[in-house]
Every structure is written in C-alpha cells, then in structure tokens.
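Working notes, beginning with the structure itself.
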Ligand SMILES: [Zn+2]
C-alpha cells in the first residue's frame, strides 16, 4: 500500500490546467448550485454528492497527460458517408457540423507522459455522434495500439460511447474485430493496457476493447453494459436487479477491477505504470 500512498501524495490529480466547460447551473446528482472554479479544481466531480460530470476529449487529455506533453496523431483521418445514409438527416452533414464546432471525431489519440512516464492515450468523445465507434475511431485506436505494441509503451484508454456507429453499418461493426485484434497485439507484446470506463460505455465499445484492459477501471456511477435495461427488459420480460449496469454492479459481478473516483485516477495510473514496468 505504501507505493499507492506515495503516488497519492506525489502525483497531481490533474496533468494540466483543465479547460472551462459549459455545465448545468445545478448538480444533476444532488441539485446544489455549482461554482465553476471549484468544480474544475475537483476534476468536474461534485464536491457534495460525488456526481461525475461527462467530459469531452479535450478535458480528458488535460486531466491525464502531464502539461505540455500531449502530441496528437492522425487528426486528418476523416469520416466519409460510404453508405449514403440520410435518415433522419444526411450523415455527412452531421459529421461536418461537428467538425466545424471544433470536435474531431469520437476518438482522439496520441502520445504523452503521465507522471513523467511515456504512454499512448486514446479518449472517446461522447459529444461526437454519441462517442460511437466509427471507421475513423477504429483506425486511430488500432494504429495507436500497434505503435504502442511495437515500441513497448503502455496504452491508456478512456471510454464514453454509445457503441458502434450504425450510420456506417457493417463497416463500423468491423471495427470491433479490428480493435480487438490490436488489443491482442498489445497482449502478445506484453505491453500493459489500462482501460478507464466512464459514463456511459455501451454497445460495441463495451463489447470490444473497453472491457479488454489488463486492468479495467470504472468511474463511480457510470452506466456500463451492452444494451440498455429497457431493451433487455422488453426482450426477456425479466425484472432486472437493483443497480443493474452501474459501475458498482459490474464490480460486484467481476466485469471491472475497480471503481475509482476521478480525483484518484492519475495517481492510480501512475502507480500501475510503475508496477507494470
Ligand atoms: Zn452533486
């Protein structure tokens, strides 16, 4: 335990200064009014009830990576509407609007350091078509894992995803096999893979790489599963147990290895990097 305590004391809870994000004026968990600077200082976790706010990829990078260490890769890989998907509106139009708003696909990846140690980092962005696993996301994830495997640099993933991007049809589903094969390459090379599951991690993302980490870490209260409880109930006519598909439920049933508050994530990752090196 001494090593964990040391990391708790030595590793800052944030890698760099977190960007300001637009938030509801009251906490969705407990309803109290929130002061933005205080919330930011606590990694966007409510100090009253512990509600963990959803964060975009930019914030996750600032949270995990040491300041000034992030080097993003493959930002120019872009989605194309190969299936000419037009329901409810043109898929290409959706993608272009989000790109104009400054988001760059549902997965961003690159290299950085964490407490001075080099890592590959990939973060989903739920704001981009629900963080869906797309051709671009799969390509960025697989390329990063392949480079991590060949260079022996540990891989850290932050998930927040509704599953595979159905607007890309079977081509999105193929990404599950592709990223799983890339996880296999990390495994064969003996390179550690730490997977962090945030709210929500569902569908093809939970069914592929997000739950394949050497260590799977979930955020408190995060919804994690394959299909939502409403659909399961409709299909099975069964009453689902209390807390079904929460991070805590998944911990009790062996799907994740730990449920960890966001303020302890960086010290824990630093500890794991040291332990696995
Ligand atoms: Zn709260």
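Taking label points 7 Å from Cα along the Cα-to-Cβ direction, residue 226 and residue 252 give a separation of 2.1 nm.
Note: relative contact order over the chain, using C-alpha pairs below 8 Å and six or more positions apart, is 17 percent.
Averaging Cα coordinates gives a centre for the range 237-277 and one for the range 65-88; these two points are 28 Å apart. A Gaussian network model of the chain, with springs between Cα atoms under 10 Å, assigns the largest mean-square fluctuation among 149, 252, 206 to 252. If you plug the beta carbon distance of residue 89 and residue 233 into 1/(1 + (r/R0)^6) with R0 = 25 Å, you get a FRET efficiency near 0.25. Among 202, 244, 128, the residue with the largest mean-square fluctuation in a Gaussian network model of the chain, with springs joining Cα atoms closer than 10 Å, is 244.
Highest mobility in the GNM of the chain, judged by mean-square fluctuation with C-alpha springs under 10 Å and restricted to 156, 183, 45, is found for 45.
Three principal axis extents describe the C-alpha atoms of the range 1-108; from largest down they are 55, 35, 24 Å. When the Cα atoms of the chain are aligned to their principal axes, the ranges along those axes come out at 54, 46, 38 Å in descending order. Between residue 21 and residue 73, the simple label model (points 7 Å from Cα in the Cβ direction) yields a spacing of 2.5 nm. Taking all pairs of different Cα atoms in the range 145-194, averaging 1/r and flipping that mean, what Kirkwood radius in angstroms comes out? Computed over Cα pairs of the range 145-194, the Kirkwood hydrodynamic radius comes out at 11.8 Å.
Taken together, the values in this text are just the output of simple stated rules run on the coordinates, not laboratory data. On a predicted model such as this, the values are computed, not experimentally measured, just so you know. Using ideal geometry, Cβ is built from the backbone for each residue, glycine included, and neighbour counts are taken over all protein chains shown.
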